[in-house]
Amino acid sequence: MEVKEPKKRIPLIGILSGMISVASHLFRKPVTVQYPEVRPYEPERFRFRISLKLDDCVGCTLCEQVCPNGSIKMEKLVRENPRNKRMLYPDVNFGTCTVCRNCEEICPTTAIYLTHEFETARTKNSFLYSPLELAMDEKEVKK
Amino acid sequence: MKTGETGVLTTTLENALTWGRSNSLWPLTLGLACCAIEMMAIQASKLDISRFGSEIFRNSPRQSDLMIVSGTVTKKMAPRIRRVYDEMPYPKYVIAMGVCVIQGGPYARGYTVVLGVDRVVPVDVYVPGCPPTPEALTYGIITLQKKIRGETDR
Amino acid sequence: MNDQWIELNIGPQHPSMHGVLRLKAKLDGEIIRELEPVIGYLHRNAEKLCEMGFYCDNLVYFDRMDYVGAMNMEVGYLEAAEKILNVPPPDRAKWIRVIIAELSRIAAHLVWAGAYGLDLGMLTPFFYCFAEREKILTIFTEACGSRQETNYMSIGGVYQDFNDKIIQEIKDFLETFPKRLEEIYNLYVKNDVFLSRTKGIGILSKEVAISYGVTGPMLRASGVEYDIRRAEPYLFYDKVNFEIPISHKGDNLARFLVRFEEMRQSLRIIKQGLEKLPEGPYFNPKAKKSMMIRLRGDGEYYARTESSKGEFGVYIVADGGVKPYRVRVRSPTFKNLSILPVLSKDVMLADMIAISGSIDLVFGEIDR
Amino acid sequence: MNILHWIYGVLSFLGHDIGYALAYIIESIILLIFVSVMLIFMIYLFRKYMARVQQRIGPNRVGKFGSLQLIADALKLMGKEIIFPKERDDLPYKVAPYIVFFGLILAFAFLPYGNLSIFGNLTITYSDVSIIFIFAILAIMPIGEVLAGVGSHNKYALMGALRSVAKDVSFEVPMMLSVLAIVMMASARTSTSLSLESIVTTEILPYGILEPIGLFVFFIAMIARASYAPFDMGESDSELVSGYSTEYTGMRFALFYIGLFGSIFLGSLLIALLYIGGFNGPFSSQVGFIWLIVKGLILVLISFTIWLSMPRIRIDRLVNAGWKYLLPISFINLVLAGVLTLGLGW
Amino acid sequence: MVDIISESKGKDGRKIVLVSVENLIPFMKEMRTNGFDHLSLVTAVDKKDSIDVVYHLHSMERNEYVVVKVNTKNSVVPSVTGIWPSANWDEREQYDLVGVKFEGHPNLKRIFLPESWVGHPLRKDYDLSKVQYINMDEDGEDYVTFDAGDGW
């Protein structure tokens, strides 16, 4: 299919119509969502930060294997959990996590999952979350 | 002037300057990779960074205050980033956007990626995510504003 | 004459270099006499890293190649990887991939259209384009949870199924978008100055285009009716009706018009895809859960797909392990960029910017 | 009775010499304040307008509706480190921004702002040949740009300066010719036809209606002289990084930035005065000043819209447009004006 | 007709032709006259003891696809830049990353990495643990250093 070239016009008419089209947006509603005051629309599946249910984790190290960036390392954590005999829990380095969701996909018990938290900006380059911190809410984690 | 003698005027001036700086961060158009598109998205209509006074993306480093390092910093690019940073006038701020910039991200195991732009330039705020959503980056800019005003604890 | 030429170094940090292209130009006044692109400022060694990761992990690097149209990259990689691993996706997943890939193509072209306006000094269309792109990204977020680097598709299907809400949202988008598209289109093509900047500038002839390996909208704008979706159908592209827009002019304007027409055709494909979307599984159970990292493959496969930039080829050589032996990516923009020194010989500096903008450069893909 | 005399009337107890000296100083301060307030308002208006046509909100965090945004910007720019490039030509580099800025301010001094019944004449400095003054000052501003481009020893800046010279030269002549037509027509009615004030006060119909071609030429030339898209050759963001101002930091850059917006405002006021009746309008003896500002702002908005909706024109086509199209058109306009003046006695 | 070593069919249903290094240029010229006007891809695969160079040829008109393979022990292959200009950058890239020397290439320089980079990263024996750093000298040219203090 041959694309249509724009028709020849009298000069300046097209420019005028463009100006009118631009100026007419003055009367349309802005699409801006004023972020800090208004929470942006977050779809149900929106994912950003990894969280952990400590009681569900069985310490199978699958998430450590599947992580493409090596962000997840298993850490020994003495804790009462009959299903986790090896006492291994993941800790996540958010400095390298690409939110690919492979860990959530592969986890056999859905212990590791992703949450909507996105306000994770910091002034220090320390994003290593211990398993206990992973289980916490982002606001409670103070570094 | 000694510390004890700082009059009301200097303090007020200092406060006013801080207020001006924090509310008028002009970013530099330094787009490196994927995150640059999300950086453009904060400029665009949906998230409109101009509300915070960061409207003008200056092309020349001489006129900008904020360098958003958006995207993977390779070893070949790192000296250029340093040069651009050196060309910026004080006070200047750097936001490391995305995990590639923070610690190398998915490319950390490779052979040409700098493991964190903080080895090249001093970074003020780190925004993790790959790429961070525009909201997350906006939160980073708000954090930077708070840092300039000396309010943040994160 | 040579000693009067100004040597100008454009980039890597330059507003219209679309990332990190560096051009060493020799200028005679305003006219470019010699141009040498220097690339590699975003060389992230994705091909090496692909040899070090599982088949399912490598999707991460492909997402970040053409980062404006990430879904097309995923389709390209999975076309090859699934054949190597013998894990074909079910029909529903294939249709979902068609729909999502076309949405992604529209998003990529919208980013291009906005950025092209900025290259030429036109401020406003950028905002309209990004506002529309934002709607597509909302659909992506609705479908899989990420905006840009989605990691939506996985070996043997897609991660999450379409639900009614997503389908409704896509339908809404199909309704509102064509009108906005025409508005943006008119803003550009009705403008005399825009026409004067694009018409007859950077003419690329058919023979030169083919011999330099140029593909995609750039090739079609030079008059070759060649689209891999039609020439070598993958997914379900043989079951949908769409036209291949071509133009025989080969100039900047032709590329612009072809890309806009492609967006309209993509809308048609999405519409048909939504109609034909079957019920059923969306995931091949062979690749589910912990099987993800145990898939083995051998042989070699070269999959060609039509990304938003052109022919995107993935060549995988496997040796029977859980990780690929060698992954090679044919990136369309890499080949398209190699035409820039040819096109911008003896043109004005401003035209060179217009030409390099019309190539649609994405550096994640060129340098990989 | 203009402002100067009015102030002198208050200060007359100080004697003639001191009184007039003080009056001049106070008047200059009033002018500076007026111009800077207008420019700040203009830039704010531009930002808000740009945001709204782009479906955004624009600055709204600092002050009510972001009204203090410009103050914040100015404070920040004052506090910036000033970098002097190593290989600069010292004097041109340092002088350039001030030439642009003070050229702009000076031009505002000669504009007639109306004749109000309360204050009397609002003109800062009355001159019989104010048109010549204004256009002479307008011709100084490009010199600042050239000095900036050459002085900062940067290839982008140099190219930006060369482009802006080419642009200014090619649009200067059509602009002057179309003004000449107006002077010609005004000379039929007033003896001081080179004074902007008498041109406005003695007109019967606005000259824009009598010679629309002149208005068209002048408008285009004005946008070009003010370096607005599609003629923003000096800046050329996407090609030449930031044009002649590439190497400037802090307040020096701000002076260029103000110069950019100021010259569009100045041009709009000139068009309003010359072509669409200036401060004439209903109740002009009470609100004539307001009329002038409103007309000027409407013209400014039109040029903003042009900026926002147009791509940059290529430099050779721009020069062509200046010499091959606008110049003949302005000659035709001149002839038409002559016919109107002599033949019909308008 | 140029001699070929073997012909087979790949997993993707495309004809794979294996030719010897000496016969490559005549064979490619013949393919070009046969209408294969589009050289889609040049790939070098390090097979540890030898290197395969794979050319993906495509004919725009007939929509045909042929894969040509060359096996080289000393990693020297004649360049096909004279036949298809599109091979220019591809061959530079493969020289850069895999270290195949394309004889007769007009401008065989590294394309992604700086000229003084040691080793070819996509070789299987490339040592990732030896970190190389890149820095920029006064003139804006890159140089490679192994000294961590000089790099980033």
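The values are calculated or read from the model by the stated rules, or taken from the named source; none is laboratory data. Fair warning: this is a prediction, and the values are worked out from it, not measured in the lab. Glycine gets a Cβ as well: all are built from the backbone with ideal geometry, and neighbour counts include every protein chain shown. Only protein heavy atoms, including side chains, enter the accessible area calculation; ligands, DNA and RNA are left aside. Shrake-Rupley method; radii C 1.70, N 1.55, O 1.52, S 1.80 Å.
Before moving on, here are some points about what is shown:
- Over 18 Å apart at the Cα level, from the set C:K239/C:K309; C:K83/E:K124; E:K11/E:K69, are C:K239/C:K309; C:K83/E:K124.
- By the equivalent-ellipsoid construction on the alpha carbon gyration tensor, the range C:321-368 comes out with semi-axes of 32, 9, 6 Å, ordered largest to smallest.
- Inter-centroid distance (Cα atoms) of the range B:94-112 relative to the range E:86-139, Å: 22 Å
- What the phi angles of the range B:76-81 give under the Karplus curve with 6.51, -1.76 and 1.60, with θ = phi - 60°, is a coupling list of 6, 8, 4, x, 5, 4 Hz, glycine and proline written as x.
- Approximating the spin labels as points 7 Å out from Cα along Cα→Cβ, the E:S116-to-D:M184 distance works out to 7.0 nm.
- For D:H16, the solvent-accessible surface computed with a 1.4 Å probe is close to 110 Å², ligands and nucleic acids excluded.
- Positive-end ranking of C:G114, B:I142, D:I329 along the dipole of the protein assembly as shown, with charges on Cβ about the Cα centre, is headed by B:I142.
- Long-range lysine pairs (8 or more apart or interchain), the range D:81-343, Cα under 20 Å: 5
- Heavy-atom accessible area, probed at 1.4 angstrom with all protein chains present, ranks C:V327, D:V95 as D:V95, C:V327, highest first.
- Alpha carbon centroid spacing (whole Å) that separates the range D:165-180 from the range C:8-60: 42 Å
- The aspartates and glutamates whose alpha-carbon is closer than 17 Å to the alpha-carbon of E:K130, local same-chain residues fewer than 8 away aside, are E:D147, E:D150.
- Considering only alpha-carbon pairs that sit under 8 angstrom and 6 or more positions apart, the relative contact order computed for chain D is 21 percent.
- Over all pairs of different C-alpha atoms, the protein assembly as shown has a mean inverse distance whose reciprocal, the Kirkwood radius, equals 31.9 Å.
- Gyration tensor (Cα) of the range D:9-105, equivalent ellipsoid semi-axes in angstrom: 33, 25, 12
- Our analysis of the range C:146-214 gives Rg over Rh at 1.19, with the two radii drawn from alpha carbon positions and Rh computed by the Kirkwood formula.
- Number of Lys-Lys pairs in chain A with C-alpha atoms under 20 Å apart and a separation of 8 or more places or on different chains: 11.
- Kirkwood Rh in Å, taken over all unlike Cα pairs in the range A:49-142: 13.3 Å
- Dividing the mean sequence gap of close Cα pairs (under 8 Å, 6+ apart) by how many residues the range A:49-142 holds gives a relative contact order of 38 percent.
- Under 30 Å between alpha carbons - lysine pairs in chain B that sit 8 or more apart or on different chains: 11
- Calculated SAXS-style log₁₀ I(q)/I(0) at q = 0.07, 0.10, 0.11 Å⁻¹ - the range C:46-367, Debye, Cα scatterers: -0.27, -0.55, -0.67
- Given 16 as the ceiling on other Cβ atoms within 10 Å, longest exposed-site-free region of chain D for GluC sites (Glu not before Pro) in DSSP loops: D:88-346
- Within the protein assembly as shown, DSSP assigns beta bridges of which about 75% are antiparallel (rounded to the nearest 5).
- Across C:K48/E:K15; C:K288/E:K47; C:K94/C:K206, pairs whose alpha-carbon gap is larger than 30 Å: C:K288/E:K47; C:K94/C:K206
- Separation of alpha-carbon centers, the range D:219-273 and the range C:250-273, rounded to whole Å: 37 Å
- For chain B, the alpha carbon positions stretch 55, 35, 31 Å along the principal axes, listed from largest to smallest.
- Counting heavy atoms of the protein chains alone, B:V84 has an accessible area of about 10 Å² for a 1.4 Å probe.
- Restricting the range E:15-88 to GluC sites (Glu not before Pro) in coil, as DSSP defines it, with at most 15 other Cβ within 10 Å: E:E22, E:E61
- Restricting the calculation to Cα atoms, every distinct pair contributes to the Kirkwood radius of the range D:81-343, found to be 19.0 Å.
- Value of relative contact order over chain C, rounded to a whole percent, pairs C-alpha under 8 Å and six or more apart: 27 percent
- If you plug the beta carbon distance of D:M78 and A:M87 into 1/(1 + (r/R0)^6) with R0 = 51 Å, you get a FRET efficiency near 0.30.
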